[in-house]
Amino acid sequence: MTHLSVNDRIPALEFAPEALKNGIEVISLILMAGFAKTSAEAHDLVMGGVVWIEEKQISDPQHQVLSYAFDDGEILRLSVGAGKQTTIRRIG
């Protein structure tokens, strides 16, 4: 029997370290995850206070996720509103 962790069942956005070098804006992450259809909608989610990375509420639409955010592990959890979650993984 194969056991799956919660992280195995949550969709993931995967990035090589080089892609994270200059950072990726939270707005782009929300769009890539499919949690918003437009940048304006993603911006409104951030300003509405419903965007979290790990246990930190993101209130700046220009917030960047940089490579050093992964120093304690390979995965960050992005949550938007109730029930929308994905993981951000540094690979390689």
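In summary, the convex hull built on the alpha carbon positions of the chain has an orientation-averaged projected area of 6.5 nm². For the chain, the carbon plus sulfur part of the accessible surface works out to 51%, probe radius 1.4 Å.
The values are calculated or read from the model by the stated rules, or taken from the named source; none is laboratory data. Just so it is clear, the structure is predicted and the values come from calculations on it, not from any experiment. Note: accessible area is taken over every heavy atom of the protein model, side chains too, but ligands, DNA and RNA are not part of it. Shrake-Rupley method; radii C 1.70, N 1.55, O 1.52, S 1.80 Å.
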